[in-house]
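Working notes, beginning with the structure itself.
The values are calculated or read from the model by the stated rules, or taken from the named source; none is laboratory data. What you see is a predicted model, and the numbers here were worked out from it, not measured in a lab. Positions of Cβ are generated from backbone atoms using ideal geometry, with glycine treated the same way; all protein chains shown enter the neighbour counts.
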Amino acid sequence: MPSNHKLSSTSKVTSGESSPQGVASISAPINEQQLSLLQQGSAGLSGQQLSWLSGYFWGLAQSGSLAQSISSQPAELAVATEPAGKLTIIFASQTGNAKGVAQSIEQQARERGIAVELYDAADYKPKNLAKESHVIIVASTNGEGEAPDNALGLHEFLQSKKAPKLDQLQYAVIGLGDSSYEFFCQTGKDFDAFLAKLGAKAFQERIDCDVDYESDARTWSDNALQTVESMLASATSAEVVSLPLGQSIKSTFTKQNPFSATLLTSQKITGRDSSKSVHHIEIDLEGSSIQYQPGDALGVWFENSPKLVQAIVERVGLSGTEQVEVDGKAMALTDALIQYYEVTSANPQLVTQFASLSKSKKLLKLIEDKENLRLYAASTQVIDVLAEKKSALSAQQLLSILRRLTPRLYSIASSQTEVEEEVHLTVGLVEYQHGDEKRFGGASHFLSQQLEEGSELKVYVESNDHFKLPEDDDVAVIMIGPGTGIAPFRSFIQERDNRGATGKNWLFFGDRTFTQDFLYQVEWQKYLKSGLLTRLDVAFSRDQNEKYYVQHRILEQAQQVWQWLEQGAHIYICGDANRMAKDVHQALVSVIETQGQYSPEEAEAFLNELRKAKRYQKDVY
């Protein structure tokens with residue numbers, strides 16, 4: 001899939017002398033009534049105003065805004081008389097959140113009449129910063145403080161000797177992250193520091209947004225755009241023109257507007273004696289017109305376990321029947337906790353707030369050390385934090401220390417060329433023992449244990465432009481996906497099968513045992529037998545005395561891996577970010593060192609160039 005290119009609301013066109021009525025003779029994808037309305041609305045406009053409108057509508061089409069519900073009432077569009085400058089928005093995004101925020105800011109800017117351009121960081125030429133006047137960067141953080149793959153080039157450039165002085169630049173940065181991690185919003189902090197060091201001036205203070213970022217991001221962007229609007233003086237005194245728009249166009253399904261899908265199948269695919277519980281999930285999307293590509297993720301809005309919620313309310317001395325208000329709606333506390341609040345994963349803020357409310361000596365001491373606080377929050381569930389000291393809380397106090405619920409993203413395990421109006425997931429149940437009790441992950445428990453077949457669930461597609469098959473079907477791919485990291489490669493192989501792709505396919509898969517944990521074994525053997533899967537190398541860590549993982553298989557096959565890379569193969573990694581992805585990366589560095597006769601630094605640089613060329617892509621979590 002091609003990466004996103006520049007989306008613009010300013011577009012230069014060549015002016016002509018033909019009258020608007022001349023358009024009627026041209027075949028157009030609109031009816032006569034719509035054409036007549038456009039002619040009426042555009043009558044008397046200058047060439048510059050018509051040019052602006054051309055760019056405006058082109059920008060709407062490119063950003064997908066026309067897919068949102070549009071009123072049939074006349075809309076007031078600001079037509080700038082003489083734009084004084086433009087705003088450039090750049091997003092550094094791994095899973096799509098930063099992209100979504102950037103698109104929202106771009107839409108708001110356009111509605112204010114600000115000339116605006118939106119870029120994927122991968123498609124932005126860093127040297128152009130020297131020509132910009134106003135820039136907003138929306139940046140998520142990947143792994144342990146790393147820049148997202150699409151922003152590596154920009155991130156490196158701003159630290160290099162090639163980076164120009166940027167005294168002319170006014171900028172603002174919004175970072176997205178998770179405060180449970182040590183390097184919270186590090187990429188946003190980096191961009192802020194880099195730009196300031198190069199002489200640029202911040203027109204708005206950077207904001208570091210946590211997982212429940214929507215409200216903070218909206219407030220920040222409103223303030224930022226108000227400042228930009230006055231600085232650019234682009235369209236604040238614009239002439240207002242009323243244009244009647246056509247019939248409403250059905251909105252697409254998003255995080256804020258998910259589709260009510262139906263669970264078709266939830267089948268355990270690990271063996272009876274496996275220490276893991278992995279489920280193959282099939283979801284019906286019929287009637288949604290939802291489309292997705294291999295490499296995309298499915299966002300799932302889940303409901304918390306009623307049993308867990310009841311245990312939590314009882315732990316703080318409540319019944320669960322207390323009335324509370326959520327988003328203007330009155331409901332019982334239990335319902336609010338099941339549907340709207342995060343009650344599984346703890347976070348440093350929750351621990352800090354509960355320490356203050358409960359006066360727990362253990363927690364008050366713990367929060368003095370940020371690193372210990374982070375580690376404790378990352379390994380402890382909400383109910384176990386509340387158990388540190390028995391405390392009576394009001395319903396409002398309980399809600400005040402909890403985060404709002406956020407959807408979970410799962411790598412899609414199917415290709416629509418194969419399953420049409422379905423989407424498949426590979427879900428590993430998160431479970432562990434805490435004393436005498438079991439603890440579960442919220443979303444994985446919902447999908448694999450709570451939800452019955454035939455039940456509804458709310459979903460949406462989160463596109464991932466940075467984990468995509470090669471555009472050329474003749475190009476070879478190497479797929480490395482242990483455990484549930486196998487999911488996107490099932491979609492890859494289905495897609496290549498249905499497209500008749502001739503490129504070679506090599507899969508590295510690993511898990512604990514061959515007999516209990518070989519996910520989709522029958523399918524992989526079928527593809528291997530047919531020749532679609534060129535090679536299959538597996539590593540089962542507990543089938544012998546010495547632990548054996550996928551990185552060991554890669555090192556064993558170093559010569560072949562290097563040959564594939566020299567021949568232009570693309571390499572993909574999916575799965576655990578903390579250990580597996582790092583170990584596999586080091587194995588690849590070793591392969592390049594030994595087979596390509598490179599130094600360690602040169603091998604790292606080689607892989608970095610592959611990343612920039614989109615030949616080395618990761619979907620890790």
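Observations on the model:
- Residues of region 146-158 classified as within 16 Å of the chain's Cα centre (by Cα) and either closer than 21 Å to D216 by Cα or acidic (D, E) (or both), total: 2
- Segments classed as helices (runs of 4 or more DSSP H), wholly inside region 424-521, with at least 2 members that are polar (S, T, N, Q): 487-499, 514-517
- For region 215-255, taking the residues that are hydroxyl-bearing (S, T, Y) and at pLDDT 50 or above, the one that is farthest from K201 (Cα to Cα) is identified as T252.
- Given (1) crowded, with 17+ Cβ neighbours inside 10 Å; (2) more than 30 Å from A413 (Cα to Cα), number of the condition A311 does not satisfy: (1)
- Residues in region 348-387 that are in contact (Cβ under 8 Å) with a residue 24 or more places away in the chain, under 21 Å from G435 (Cβ atoms) and outside any helix (DSSP H, G or I): S360, T380, Q381, A387.
- Residue within region 573-590 that is farther than 25 Å from A487 by Cβ and either surrounded by fewer than 19 Cβ atoms within 10 Å (Cβ to Cβ) or among the hydroxyl-bearing types (S, T, Y) (or both) present: yes
- Test: Q559 is modelled with pLDDT of 95 or more, of a type outside the set (V, I, T) and either crowded, with 21+ Cβ neighbours inside 10 Å or over 20 Å from V584 (Cα atoms) (or both): no
- When T334 is tested against (1) more than 30 Å from D511 (Cα to Cα); (2) out of contact with any Gly (no Cβ under 6 Å at 6 or more places or on another chain); (3) free of Cβ contacts under 8 Å to residues at least 60 places away in the same chain, only condition (2) is not met.
- Of the residues making up region 356-386, those that are surrounded by 18 or more Cβ atoms within 10 Å (Cβ to Cβ) and of a type in the set (G, A, S) are S358, S360, A377.
- Residues that are on the phi < 0 side of the Ramachandran plot and over 35 Å from the mean Cα position of the chain (by Cα) within region 317-330 comprise L318, S319, T321, E322, listed in sequence order.
- Residues (over 21 Å from D296 (Cα atoms) and in contact (Cβ under 8 Å) with a residue 60 or more places away in the chain) located in region 603-621: N608
- Among the candidates L333, L318, L350, residue that is among the aliphatic types (A, V, I, L, M) and under 27 Å from G177 (Cα atoms): L350
- Checking each residue in region 606-621 for being part of a helix (DSSP H, G or I) and closer than 18 Å to G143 by Cα picks out L607, N608, R611, K612.
- Options F508, F492, F467: the member that is touching a residue at least 12 places away in the same chain (Cβ under 8 Å), touching a Gly at 6+ places or on another chain (Cβ under 6 Å), under 30 Å from A151 (Cα atoms) and not assigned by the TED database to the domain that holds Q94: F467
- The single residue among F203, F157, F183 that is over 16 Å from T141 (Cβ atoms), aromatic (F, W, Y) and at pLDDT below 95 turns out to be F157.
- Neighbours by Cβ (under 8 Å, 6+ apart or cross-chain): first from region 186-209, under 23 Å from Q226 (Cα atoms); second surrounded by fewer than 23 Cβ atoms within 10 Å (Cβ to Cβ) and β-branched (V, I, T): F203/T227; Q204/T227
- Residues within region 522-536 that are part of a helix (DSSP H, G or I) and either among the polar types (S, T, N, Q) or crowded, with 18+ Cβ neighbours inside 10 Å (or both), tallied: 4
- Extreme residue, surrounded by the most Cβ atoms within 10 Å (Cβ to Cβ), among residues of region 99-117 that are more than 17 Å from the chain's Cα centre (by Cα) and within 23 Å of N464 (Cα to Cα): E106
- Qualifying residue in region 288-307 (condition: more than 23 Å from N97 (Cα to Cα), within 25 Å of the chain's Cα centre (by Cα), surrounded by fewer than 18 Cβ atoms within 10 Å (Cβ to Cβ) and not small (G, A, S)): no
- For region 538-597, the tally of residues that are more than 28 Å from the chain's Cα centre (by Cα) and charged (D, E, K, R) stands at 8.
- Region 459-518, residues that are closer than 26 Å to Y548 by Cα and of a type in the set (F, W, Y): F489, F492, W506, F508, F509, F514, F518
- Boolean, I137 is buried (at least 18 other Cβ atoms within 10 Å of the Cβ), without any contact (Cβ under 8 Å) to a residue 60 or more places away in the chain and not in a loop (DSSP other than H, G, I, E, B): yes
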